[in-house]
Structures are given as C-alpha cells and as structure tokens.
C-alpha cells in the first residue's frame, strides 16, 4: 500500500511538472524599434507583445535573445502579407533565439541560435495584431 501511495505521489508530481512546464524564456531579451512613418510606436509594441506571448507559450526550450522592428524590412513585403491574409496592414518582426540541448519541441537543432527569424502579423482597422506565420 505504501508503494502505491509513493508511486501515485511521484506520478502526480511528474505530471504537474510536465503539464505546467514552461514555454520559451522571454525574461532577458531586448527589443529594438526603428522609427517609422507607417506604423505608430504603439502598433509596433503591440505586435511585439503578441510575439512575446506566443514565444513564451509555445517555444519550450528556447530563449528569446532579441526582437526587432526594421521598417525597411517590414515594408518590403507588408502589402503582400496583408493581401494574403485579407487584412489591411501587415508587420514583419525579426528575432534571434537560442535553442537549448533539448532541441525545443524537436523541430530545432539543439544548442543552436536562430537569427533573422521572421514573425508575420496582420490586422485591419482597430483590430489587434494576429500572428499569422513565422520562420525563415
């Protein structure tokens, strides 16, 4: 009986740790924002907040190093992205993140850094930004 209780307790602890496992680490990353004639500072910060929230939730085993907005890069393809997702506006953010020895969710190379990782967000009117896609 004692073994059953001990086993059950260990199983509950392990399950709790796995179920409550953390996502990506966003505790020390830096943000860089170009000045923009097209996007307000609030729009850029809001888009960055969406990416941060998603990274924190979904990028287990990864550490966000920086997230930046470069207007020139964003405007190169913004119209095409907005059109593809039937929205009025798109923004492209660029990040760098480190993947620990676990390889994140298994789709990343362990112990590696990913640079120039793009995050594409779109919106129309007064809506919030929607994260549409990410990657290279």
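The values are calculated or read from the model by the stated rules, or taken from the named source; none is laboratory data. Model, not experiment: these values are computed from the prediction. Cβ: placed from backbone, ideal geometry, glycine included. Neighbour counts: every protein chain shown.
Output the residues belonging to segment 15-27 that are in a loop (DSSP other than H, G, I, E, B) and either more than 19 Å from residue 51 (Cα to Cα) or modelled with pLDDT under 95 (or both). Across segment 15-27, the qualifying residues are 20, 21, 22, 23. Looking at segment 113-128, which of its residues are farther than 24 Å from residue 63 by Cα and surrounded by fewer than 12 Cβ atoms within 10 Å (Cβ to Cβ)? Matches in segment 113-128: 125, 126, 127, 128. Whenever a residue of segment 89-118 is at positive phi and without any contact (Cβ under 8 Å) to a residue 40 or more places away in the chain, its partners that are surrounded by 12 or more Cβ atoms within 10 Å (Cβ to Cβ) and in a loop (DSSP other than H, G, I, E, B), lying with C-beta atoms within less than 9 angstrom and at least six residues away or across chains, give the pairs 111/100; 111/103. Remark: pairs (first residue in segment 63-86, closer than 18 Å to residue 40 by Cα; second residue part of a helix (DSSP H, G or I); Cβ separation under 8 Å; 6+ apart in sequence or on different chains) = 67/48; 67/51; 67/52; 69/44; 69/47; 69/48. If a residue has to be in contact with a strand residue (DSSP E or B) (Cβ under 9 Å, 6 or more places away or on another chain) and not in a strand (DSSP E or B) to count, how many in segment 54-66 make the cut? Within segment 54-66, residues that are in contact with a strand residue (DSSP E or B) (Cβ under 9 Å, 6 or more places away or on another chain) and not in a strand (DSSP E or B) number 5.
Checking residue 104 against (1) modelled with pLDDT of 95 or more; (2) surrounded by 19 or more Cβ atoms within 10 Å (Cβ to Cβ), which single condition isn't satisfied? Condition not satisfied by residue 104: (1). Listed conditions (1) surrounded by 12 or more Cβ atoms within 10 Å (Cβ to Cβ); (2) out of contact with any helix residue (DSSP H, G or I) (no Cβ under 9 Å at 6 or more places or on another chain); (3) more than 17 Å from residue 136 (Cα to Cα); (4) modelled with pLDDT of 95 or more are all met by residue 65, apart from (3).
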